[in-house]
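Trainee: My questions all concern the structure below.
The values are calculated or read from the model by the stated rules, or taken from the named source; none is laboratory data. None of these values were measured; they are calculated from a predicted model. Please note: Cβ atoms are built from the backbone with ideal geometry, for glycine as well, and neighbour counts cover all protein chains shown.
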Amino acid sequence: MLSIKNLHASVEGKEILKGINLEIKAGEVHAIMGPNGSGKSTLSQVLAGNEAFEITGGEVTLNGDNLLDLATEERAREGIFLAFQYPVEIPGVSNLQFLRTAVNAMRKHRGEEEMNAAEFMKLAKEVSKQVDLDPAFLKRGVNEGFSGGEKKRNEIMQALLLQPKLAILDETDSGLDIDALQVVSNGVNALRAEDRAILMVTHYQRLLNHIVPDYVHVLAGGKIVKSGGRELALELEERGYGWLGIKDEDTSN
Amino acid sequence: MATTDKEVKELIKREYEHGFVTEIESDTFEPGLNEDVIRRLSELKQEPEFMLEWRLKAYRRWLEMDEPEWAHVDFPKVDYNSISYYSAPKRPEDMPQSLDEVDPELLRTYEKLGIPLHERAKLAGVAVDAVFDSVSVATTFKEPLEKAGVIFCPISEAVQKYPELVKKYLGSVVPAGDNYFAALNSAVFSDGSFVYIPKGVRCPMELSTYFRINAANTGQFERTLIVAEEGSYVSYLEGCTAPMRDENQLHAAVVELVILDDAQIKYSTVQNWYPGDENGKGGIYNFVTKRAACIGKNAKVSWTQVETGSAITWKYPSCVLRGDNSVGEFYSVALTHNYQQADTGTKMIHLGKNTKSTIISKGISAGRSSNAYRGLVKFGPGADGARNFTQCDSLLIGDRCGAHTFPYIESKNKSAIVEHEATTSKVSDEQMFLCRQRGIDPEQAVSMIVNGFCKEVFKELPMEFAVEAGKLLEVSLEGSVG
């Protein structure tokens, strides 16, 4: 599904990704772990098309098509979804309006009829229950005054609504207490499907107890330094990043 | 209330959609202004003597006055002698008495504008007084209004039919010599609307006027006078468009509102005069004086305006809160793009006890435009317990535009309370990235973010207007991304 070859990217002239190679097939769940500053978030942002980053080399294809040629919104419509680590607020725009606009943009792209307000309300209410959000929050401004946990649940709810081909979850576990982590994980597990891939970016192993990955990759210094199965994460937890000769508090970004 | 993506696409593609010119014969004065022109105008309108005297007096005052230069706008001097001061669609005989008698070409113009004149008027329950260039063309819904005792007619008709009311109230809020443009308007105003709501009457429908400037090199000087007697209520809507022309056109209107004890006027404007092209060529000079006098106790007035048009806007809808416990409100969205310049705001003059005012101003600047809020909050010595709340927010799109805030506060009463909040924000890259990552077009994302920013003002608009205002913003923001 997703194929990354020798991807290089920089921000403000500083190279962050220094040759990433990764193959993700439909139905698989991959976890990317790594210390702070290793380039995990950059990889998520670059795949989603954040124009603040410059691609300086390599290629990325989605089902054989060149992803890097597409604008951010086109990538989204092709099925790339990014759950943000720090979702931004859009004051005055109701969550409901925002979500319906997004869902209808996707539907239109697929040649499907757009959903009217009543149909969408029904769908949104159902999905909000899946992540344990009170439907009243649909009327609030996008992320406006949301708690950290609500923001993260809102992101997963959007993934459930938009049904992407590839869901990238950027530090979705950060700032969550145990109960919220369980709710968010249930949401992510509900996303798992044969025709969908999930790429999780996380610093900590604990998320992987709830969402069990098929593959684990360790990112350090802008490169994948080790890949393995579920057991790699457990070993990392036990032995620390130092085991792979990586400093955990690498603050090079 | 999100518009569908398809609608939005079409809207974005459109440029200034009201920029067509209607081919109709018209009676137009030769350019130039002198006492003879005013006499001719007054004669043509079969005005009583007092009206002519009033106009001439205003003209003489105007001659002695200088054009104001304090506003934060920059434009070449207007040559007042190159403007024609009267243009009316030519009609076979007299004024048309019903819509059937109106030139069909003119009606098609209104259709193009989407004015709810015919069936749409009935559906929407809106009575429309449409002012085309200088003359009121048709006023719909006269009968049900008459039944309620409401007078809603062209002001030229009111001058003839209700001279006592006109004499009493015309110029009572904005005197002829109030300012340069008000004096000019008083001398040459050609038409406008007159509304009179009798004591205790709640106007059975929303009243509406659409203004359009069509003829080239014509100034439009309309005059609106609304009187709300004791305990009455009226909601009044005003919409404006003009064709695209390379020359600048002058629009100098005066609106006077008189509100007596326990009465309320809600005045909403969606202003979409031609703003000029993307290089700043052409467009309307919109120099308008709007003022409401809350004469009575517990009188209430609210101005709600959405301003997206005009090359230059110079406009400060104001409230004089004379009656005790009277309330003034000002809700404004002003959007400027390309080379547009706006200097707009309000004046709240607190004279009576316990008078209250609220100002919510939202300025949006894009392109190379300049957007200034100018507001005066004044408390007279008798304004015990008066208070004002002002919130002034600016939103910048891009990095070549400007936003300015000029708040003035004058207080002669120690018990008065003023609260002022101001913010400036940008449509951030992060917000845009979030929207686009969810598959939303950049143009649609900007318009959604801007609409959210304006929400507090839009909710004050009547439903129909709120939808129109939202769409207008989308069209006006075209090309502001990337």
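Trainee: Of the conditions (1) over 19 Å from residue B:59 (Cα atoms); (2) β-branched (Val, Ile, Thr); (3) part of a helix (DSSP H, G or I), residue B:195 clears all except one; give me its number.
Mentor: With (1) over 19 Å from residue B:59 (Cα atoms); (2) β-branched (Val, Ile, Thr); (3) part of a helix (DSSP H, G or I) applied to residue B:195, the lone miss is (3).
Trainee: How many residues are free of Cβ contacts under 8 Å to residues at least 40 places away in the same chain, facing chain B (nearest Cβ under 10 Å) and either aliphatic (A, V, I, L, M) or at positive phi (or both) if we restrict to the stretch A:38-51?
Mentor: Of the residues in that region, 1 qualify.
Trainee: Select from the stretch B:280-334 the residues that are surrounded by fewer than 24 Cβ atoms within 10 Å (Cβ to Cβ) and acidic (Asp, Glu) and list them in ascending order.
Mentor: Within the stretch B:280-334, B:324, B:329 meet the criteria.
Trainee: Can you tell me which of (1) at the interface with chain B (Cβ under 8 Å from one of its Cβ atoms); (2) crowded, with 21+ Cβ neighbours inside 10 Å; (3) within 21 Å of the chain's Cα centre (by Cα) is the one residue A:87 doesn't meet?
Mentor: Here residue A:87 meets the rest and fails (2).
Trainee: Further question: Taking the condition free of Cβ contacts under 8 Å to residues at least 60 places away in the same chain and either over 24 Å from residue B:73 (Cβ atoms) or within 19 Å of the chain's Cα centre (by Cα) (or both), does residue B:291 pass?
Mentor: For residue B:291, the condition - free of Cβ contacts under 8 Å to residues at least 60 places away in the same chain and either over 24 Å from residue B:73 (Cβ atoms) or within 19 Å of the chain's Cα centre (by Cα) (or both) - is not met.
Trainee: So the check is Cβ under 6 Å with 6+ separation or different chains; which pairs have a first residue in the stretch A:112-129 that's over 24 Å from residue A:189 (Cα atoms) and a second one that's buried (at least 17 other Cβ atoms within 10 Å of the Cβ) and of a type in the set (Val, Ile, Thr)?
Mentor: As it stands, the answer is none, since no pair meets every condition given.
Trainee: Considering A:115, A:106, which residue is within 12 Å of another protein chain (Cβ to nearest Cβ) and surrounded by 18 or more Cβ atoms within 10 Å (Cβ to Cβ)?
Mentor: A:106
Trainee: Within the set of pairs 6 or more residues apart or between chains, which connect a residue that is of a type in the set (A, V, I, L, M) inside the stretch B:64-87 to a residue that is in a loop (DSSP other than H, G, I, E, B) with Cβ atoms less than 6 Å apart?
Mentor: As it stands, the answer is B:83/B:31; B:83/B:219, since those pairs meet every condition given.
Trainee: Taking the stretch B:347-365, which residues are at pLDDT below 95 and of a type in the set (Ser, Thr, Tyr)?
Mentor: Selection gives B:361, B:365.
Trainee: How many of the residues in the stretch A:52-84 are acidic (Asp, Glu) and under 17 Å from the mean Cα position of the chain (by Cα)?
Mentor: 3
Trainee: What number goes with the only condition from (1) touching a strand residue (DSSP E or B) at 6+ places or on another chain (Cβ under 7 Å); (2) within 14 Å of another protein chain (Cβ to nearest Cβ) that residue A:12 does not pass?
Mentor: Here residue A:12 clears every test but (1).
Trainee: For the list (1) free of Cβ contacts under 8 Å to residues at least 40 places away in the same chain; (2) within 19 Å of residue B:308 (Cβ to Cβ); (3) in a strand (DSSP E or B), I need the number of the one condition that residue B:349 fails.
Mentor: Tallying (1) free of Cβ contacts under 8 Å to residues at least 40 places away in the same chain; (2) within 19 Å of residue B:308 (Cβ to Cβ); (3) in a strand (DSSP E or B), residue B:349 fails exactly one: (2).
Trainee: Right, something else. Could you count how many residues in the stretch A:1-30 are of a type in the set (A, V, I, L, M, F, W, C), in contact with a Phe, Trp or Tyr (Cβ under 7 Å, 6 or more places away or on another chain) and modelled with pLDDT of 95 or more?
Mentor: Total meeting the criteria: 1.
Trainee: Pairs, please: C-beta under 9 Å, at least 6 apart or cross-chain, first residue under 30 Å from residue B:390 (Cβ atoms) and within 7 Å of chain A (Cβ to nearest Cβ) and in the stretch B:420-446, second assigned to a strand (DSSP E or B) and of a type in the set (A, V, I, L, M, F, W, C)?
Mentor: Every condition considered, the pairs that remain are B:431/A:90; B:431/A:142.
Trainee: Continuing with the same structure: Are any residues in the stretch A:52-84 touching a Ser or Thr at 6+ places or on another chain (Cβ under 7 Å) and within 8 Å of chain B (Cβ to nearest Cβ), and if so, which ones?
Mentor: Residue satisfying the conditions is A:82 alone.
This table checks each residue for (1) surrounded by 15 or more Cβ atoms within 10 Å (Cβ to Cβ); (2) in a helix (DSSP H, G or I); (3) at negative phi; (4) modelled with pLDDT under 55.
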| position | (1), (2), (3), (4) |
| --- | --- |
| B:2 | yes, no, yes, yes |
| B:10 | no, yes, yes, yes |
| B:18 | yes, no, yes, no |
| B:30 | no, no, yes, no |
| B:33 | yes, no, yes, no |
| B:39 | no, yes, yes, no |
| B:50 | no, yes, yes, no |
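Trainee: Then there is this: What are the residues in the stretch B:383-396 that are in contact with a Ser or Thr (Cβ under 6 Å, 6 or more places away or on another chain), away from chain A (no Cβ under 14 Å) and not small (Gly, Ala, Ser), if any?
Mentor: Across the stretch B:383-396, the qualifying residues are B:384, B:388, B:389, B:392, B:396.
Trainee: Also: So for the stretch A:170-193 (the condition being more than 16 Å from the chain's Cα centre (by Cα) and among the hydroxyl-bearing types (Ser, Thr, Tyr)), does at least one residue qualify?
Mentor: no
Trainee: Name the residue, out of B:378, B:455, B:356, that is within 14 Å of chain A (Cβ to nearest Cβ), of a type in the set (Lys, Arg) and within 26 Å of the chain's Cα centre (by Cα).
Mentor: Of B:378, B:455, B:356, the one residue that is within 14 Å of chain A (Cβ to nearest Cβ), of a type in the set (Lys, Arg) and within 26 Å of the chain's Cα centre (by Cα) is B:455.
Trainee: Same structure, new question: How many residues does the stretch A:130-143 hold that are farther than 16 Å from residue A:101 by Cβ and within 21 Å of the chain's Cα centre (by Cα)?
Mentor: Qualifying residue count, the stretch A:130-143: 4.
Trainee: Also: Which numbered condition in (1) within 30 Å of residue A:11 (Cα to Cα); (2) touching a helix residue (DSSP H, G or I) at 6+ places or on another chain (Cβ under 9 Å) is the only one that residue A:165 fails?
Mentor: That leaves (2) as the condition not met.
Trainee: Right, something else. Right, residue A:201: β-branched (Val, Ile, Thr) and either in contact (Cβ under 8 Å) with a residue 40 or more places away in the chain or surrounded by fewer than 14 Cβ atoms within 10 Å (Cβ to Cβ) (or both) or not?
Mentor: Against the criterion (β-branched (Val, Ile, Thr) and either in contact (Cβ under 8 Å) with a residue 40 or more places away in the chain or surrounded by fewer than 14 Cβ atoms within 10 Å (Cβ to Cβ) (or both)), residue A:201 qualifies.
Trainee: Residue B:411: more than 12 Å from every other protein chain (Cβ to nearest Cβ) and over 28 Å from residue B:72 (Cβ atoms), yes or no?
Mentor: No, not satisfied.
Trainee: Starting from residues that are away from every other protein chain (no Cβ under 12 Å) and outside any loop (DSSP other than H, G, I, E, B), keep the ones in the stretch A:140-152 and report whichever is surrounded by the fewest Cβ atoms within 10 Å (Cβ to Cβ).
Mentor: A:148
Trainee: Still on this structure, I have one more. Identify the residue in the stretch A:204-221 that is of a type in the set (A, V, I, L, M, F, W, C) and closer than 23 Å to residue A:177 by Cα and, among all such residues, is surrounded by the fewest Cβ atoms within 10 Å (Cβ to Cβ).
Mentor: Among residues in the stretch A:204-221 that are of a type in the set (A, V, I, L, M, F, W, C) and closer than 23 Å to residue A:177 by Cα, the one surrounded by the fewest Cβ atoms within 10 Å (Cβ to Cβ) is A:212.
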